[in-house]
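To keep things clear, I will list the structure first and then write my remarks on it.
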Amino acid sequence: MAVGTLTTVPVPAPRTIDRHVAGRAMLLAPLAALPLAAAAALIVAAGQALHLPALATAALALGTVALGSRGLHLDGLADTADGLGASYDRAKALDVMRRGDSGPTGVATLVFVLLVQVGALAGAITAGHGIAAAGAGILIGRCTLSMACARGVPSARPEGLGATVAGSVPRIAAAAVALAAGGLATLVPGPPLWRGPLAVLLAYVVAAALLWRCTQRLGGVTGDVLGAGVEAGVAAALVALST
């Protein structure tokens, strides 16, 4: 479920999808995204070897990740922005998000977040640690999914992906993912040592703020909200790794 939902890698369909399976899938999201992180890192390495401009290399790397995830999280980001910007009425906001067509708020949000991601990764490439930053940023963003699906986080709708995964991850397991991410982030090459853990912390803070806002406005999470949290987390992590 984790690989099939979050990437375009062909895998057999799970025989059953229940809350237990969904919870484990969200915990495994960073591992499922390893092919995407590896692809981004390889493209950065190739761009550096070919002496491509840092901005072009960053755009190619993140574009490949979007292609490898079917643009799933970017679509969620745009839909979430449209829903939050459409109305203070919960039902109307959810209806706007369900339609799937992006309005001006969604498009603008998408452009600005992608500009931050590409610009930050370009900064990391210029600073000499773009390969590590590309891989780490992609994985850190996916780590926040377990927090967004932790016990106590409600679903905004009675159906859909959000209803399947909302509240399906034990809190202690979600906390373990965050702590493990912070510990492994110390392996990001280059001084200072705290830059990697700072990227994890910033990604979680930004994703948590978005999660809080969506639960207040929408009454819970949807699949779109989860995708928006991933993209916001990636942007925050890359900013922390950009210098």
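The values are calculated or read from the model by the stated rules, or taken from the named source; none is laboratory data. Predicted model, so just to flag it, every value in this text is computed and none were measured. When we count neighbours, we look across all protein chains shown, and the Cβ atoms used for this are built from the backbone with ideal geometry, even at glycine. Please note that ligands, DNA and RNA were not included when accessible areas were found on the heavy atoms of the full protein model with its side chains. Shrake-Rupley method; radii C 1.70, N 1.55, O 1.52, S 1.80 Å.
Key figures
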| quantity | calculated |
| --- | --- |
| Count of region 100-121 residues which are surrounded by fewer than 22 Cβ atoms within 10 Å (Cβ to Cβ), more than 16 Å from the chain's Cα centre (by Cα) and in contact (Cβ under 8 Å) with a residue 12 or more places away in the chain | 7 |
| Pair list, Cβ under 6 Å, 6 or more apart: region 14-41 residue closer than 30 Å to ALA56 by Cα, other residue of a type in the set (Val, Ile, Thr) and surrounded by fewer than 15 Cβ atoms within 10 Å (Cβ to Cβ) | PRO35/VAL9 |
| Test: residue in region 12-24 that is assigned to a helix (DSSP H, G or I) and more than 22 Å from GLU159 (Cα to Cα) | no |
| LEU77 being more than 20 Å from ARG217 (Cβ to Cβ), open to solvent by less than 30 Å² (accessible area, probe 1.4 Å) and assigned to a helix (DSSP H, G or I) | no |
| Within region 80-102, tally of residues that are outside any loop (DSSP other than H, G, I, E, B) and at pLDDT below 90 | 12 |
| Residue in region 171-181 that is more than 16 Å from the chain's Cα centre (by Cα) and on the phi > 0 side of the Ramachandran plot present | no |
| Matching residues in region 39-56 - criterion: being in a helix (DSSP H, G or I) and surrounded by 15 or more Cβ atoms within 10 Å (Cβ to Cβ) | ALA39, ALA40, ALA41, LEU42, ILE43, VAL44, ALA45, GLY47, GLN48, ALA54, LEU55 |
| ALA124 vs. criteria in contact (Cβ under 8 Å) with a residue 12 or more places away in the chain, open to solvent by less than 10 Å² (accessible area, probe 1.4 Å) and not in a loop (DSSP other than H, G, I, E, B) | yes |
| Residue check for LEU67: touching a residue at least 24 places away in the same chain (Cβ under 8 Å) and either surrounded by fewer than 21 Cβ atoms within 10 Å (Cβ to Cβ) or in a helix (DSSP H, G or I) (or both) | yes |
